[in-house]
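The values are calculated or read from the model by the stated rules, or taken from the named source; none is laboratory data. Computed from a predicted structure; not experimentally measured. With ideal geometry, Cβ positions are generated from the backbone for all residues, glycine too; neighbour counts draw on all protein chains shown. The protein model used for the area step is the full one, side chains on, heavy atoms only, and it has no ligands, DNA or RNA in it. Shrake-Rupley method; radii C 1.70, N 1.55, O 1.52, S 1.80 Å.
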Amino acid sequence: MKSEEIMDICMRRGFLFPSAEIYRGVAGLWDYGPLGTRMKNSWENLWRKHFLSLSPNFHEISTTNILPREVFEASGHLESFNDALAECSSCHSRFKADQLIEENLKISSEGMNLEEINKAIKDNNLNCPQCGGDLSAKFFNLMFRLELGAGESIKEAYLRPETAQGAYLAFKRSFKTLRNKLPLGLAIIGKAFRNEISPRQGFYRLREFHQAELQIFFDPDKVNEHEDFESVKDKKLRIYSIEDRGKNIREVKCKDLDLPKFYLYYMVKIQDFYLETLKLPREMFRFRELDEKEKAFYNKIHWDFELNIESLGGFKEMGGIHYRTDHDLSGHQKLSKENLMINVDGKKFIPHVLELSFGGDRNLWALLDLGYEKEERTVLKLPKNVAPYYCAVFPLMKKEELIKKAKEVYKLLSNEFSIMYDDTGSIGKRYRRQDEIGTPYCITIDYDTLDDDTVTLRDRDSMEQERVRIDKIIEILNEKV
RNA sequence: GCGGCUGUAGUGUAGUGGUUAGCACUUGGGCCUUCCAAGCCUACGACCCGGGUUCGAAUCCCGGCAGCCGCACCA
């Protein structure tokens, strides 16, 4: 219900559209329209500002979407993203081949190739559990496979399923370039691709999506320290651990949690991003601990951070904080034969990685959901710093002298803020239009303005109005952000 | 991918074999209007795609695509 209402605004007002819509679209592919793009850019910029400022040695890089096969061999994605599924020739149900073989034949299918799996199925007369039909196995990989070049010289490559690998590949040179200092943070804001079998839930699971990830490389001997830990030790984190399942979220002081300090510090900074930078309601946020089954194969410690999204039925993952150890760098060192060890003060080691990973698209959806309000009016109470427009300027009526003045004010402000101008329809209608796309402030020019250079400043959330001088507006708006 | 339900302007809908495919809101233009979706005039705009049945299909049948629900999948 709410999900459709938000999607309605998104399509009608230009936040999101189905990609290739005139060809009926494709599940899991979405375009950002003009307003959505503004919002996405703002969110990404806030993210940059918040996370890159945590250390002078945190830097953003931009790496390719296409990477050669070896990268994912080393990372483990080729293997663990690659499931052999047995498909029934009559009812087309699919089953995991390894499970089927293990359960029925009590042998492990590990290491079997497709031929061997199919032979095992055939020799043992394994039939479809659903209808009894014939089964044949095929590999389904969640990564998009590409062929680079042509003819004999084709190189096998994949679209990256996470931005992270780019940072690991760039680590060695970045570390040198940045003069051999740890911790080193490499952030990548970009796209990732997963060939989801059936993307559902509208905008939540996509085939092409945005990630904002920060890979922090550090000395594993120092995992239980952080130079600024003192400043966060008494901060309360909202946690939902494995033991808390079925119970309530707890607020626990950072220093009382049994997690490495280096990890805790960044949990606090992530929580701050949501509660302080975006100013979301505290009760909508939590960290959720993943159990062994849910954890990604490369993670030693893995908590997700979640927001309570009504349109998606409750708390949903916005990202994760992953202690990946040296899984990736060691894997790349082994396969590439490149030495990825570093030497810090005479100590040689492969650094460990703490990954802060955010799903861009679902974060935006969350903001739309949390902001959406429909009572006597429809209003998107977006955080002011991510709203597509910060302010709109109107002449009270469509009269030449008011329009002229309004355009002057528009021009004055457009250098400072993301701003829009509108002079069609009644003033009330124009306010409502801005409410619907979340514009925090509207400025109206009336006949008094022509006499005394004051305007009406109207607040999106309270609908209250105040009279302010034009030469003070920039200052006043800046204070309100 | 399987099963069930669904698909008419941007949105919500009317239309169940022959309609110039109707209505409301939205949007563009105009009039009016001194602060919260007012009113008046006017314009734009749709049968998801393909095939079949039929003299004739938005309507019936088949396939595709998309959406919703359930199953499976979700590193």
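Within the range A:436-476, the residues that satisfy the criterion of being near RNA strand B (Cβ under 7 Å from one of its atoms), under 30 Å from residue A:365 (Cβ atoms) and either acidic (Asp, Glu) or open to solvent by 20 Å² or more (accessible area, probe 1.4 Å) (or both) are A:436, A:463, A:464.
Filtering the range A:12-37 to residues that are in a helix (DSSP H, G or I), within 10 Å of RNA strand B (Cβ to nearest atom) and surrounded by 14 or more Cβ atoms within 10 Å (Cβ to Cβ) leaves only A:13. Of (1) at pLDDT 70 or above; (2) farther than 24 Å from residue A:198 by Cα; (3) more than 35 Å from the chain's Cα centre (by Cα), residue A:71 satisfies all except one. Which? Result: residue A:71 passes all but (3).
Candidates in the range A:409-435 are the residues that are closer than 24 Å to residue A:14 by Cα and in contact (Cβ under 8 Å) with a residue 60 or more places away in the chain; of these, the one that is nearest to RNA strand B (Cβ to nearest atom) is A:413.
Take residue A:51 and decide whether it is buried (at least 17 other Cβ atoms within 10 Å of the Cβ), within 19 Å of the chain's Cα centre (by Cα) and within 14 Å of RNA strand B (Cβ to nearest atom).
Considered against the rule, which asks whether it is buried (at least 17 other Cβ atoms within 10 Å of the Cβ), within 19 Å of the chain's Cα centre (by Cα) and within 14 Å of RNA strand B (Cβ to nearest atom), residue A:51 comes out as no.
I'd like to check something: does the range A:82-99 contain any residue that is modelled with pLDDT of 70 or more, open to solvent by less than 40 Å² (accessible area, probe 1.4 Å) and part of a helix (DSSP H, G or I)? Checked the range A:82-99: at least one residue is modelled with pLDDT of 70 or more, open to solvent by less than 40 Å² (accessible area, probe 1.4 Å) and part of a helix (DSSP H, G or I). The residue of the range A:268-298 that is least open to solvent (accessible area, probe 1.4 Å), among those that are over 19 Å from residue A:362 (Cα atoms) and in contact with a Leu (Cβ under 8 Å, 6 or more places away or on another chain), is A:268.
Taking the range A:196-211 as the range and being of a type outside the set (D, E, K, R) and over 17 Å from residue A:163 (Cβ atoms) as the test, the residues that pass are A:197, A:198, A:199, A:201, A:202, A:203, A:204.
Looking at the range A:145-152, can you tell me whether even one residue there is touching a residue at least 12 places away in the same chain (Cβ under 8 Å), buried (at least 19 other Cβ atoms within 10 Å of the Cβ) and under 28 Å from residue A:73 (Cβ atoms)?
no
Taken over the range A:227-240, the criterion of being open to solvent by less than 30 Å² (accessible area, probe 1.4 Å), touching a strand residue (DSSP E or B) at 6+ places or on another chain (Cβ under 9 Å) and closer than 26 Å to residue A:186 by Cα is satisfied by A:237 alone.
Let's see how each residue does on (1) touching a residue at least 60 places away in the same chain (Cβ under 8 Å); (2) closer than 18 Å to residue A:321 by Cα:
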| position | (1), (2) |
| --- | --- |
| A:165 | yes, yes |
| A:172 | yes, no |
| A:176 | no, no |
| A:179 | no, no |
| A:202 | yes, no |
| A:228 | no, no |
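Note on the range A:6-32: residues that are among the aliphatic types (A, V, I, L, M) and touching a helix residue (DSSP H, G or I) at 6+ places or on another chain (Cβ under 8 Å) amount to 3.
Quick one: how many residues across the range A:369-408 are away from RNA strand B (no atom under 11 Å from the Cβ), open to solvent by 10 Å² or more (accessible area, probe 1.4 Å) and in a helix (DSSP H, G or I)? The number of residues fulfilling the criteria is 5. Confirm whether residue A:190 is of a type in the set (Gly, Ala, Ser) and either open to solvent by 10 Å² or more (accessible area, probe 1.4 Å) or within 19 Å of residue A:300 (Cβ to Cβ) (or both). Answer is yes for this residue. Residues in the range A:340-359 that are open to solvent by less than 10 Å² (accessible area, probe 1.4 Å) and outside any strand (DSSP E or B): A:351 only. Reported count of residues in the range A:147-185, each being basic (Lys, Arg) and within 15 Å of residue A:340 (Cβ to Cβ), is 3. The set of residues from the range A:241-253 being modelled with pLDDT under 95, open to solvent by less than 30 Å² (accessible area, probe 1.4 Å) and not polar (S, T, N, Q) comprises just one member, A:244. Over 16 Å from the mean Cα position of the chain (by Cα), among the hydrophobic types (A, V, I, L, M, F, W, C), open to solvent by 30 Å² or more (accessible area, probe 1.4 Å) and at pLDDT 90 or above: is that true of residue A:178 in this structure? Yes; evaluated as a whole, the condition is true for this residue.
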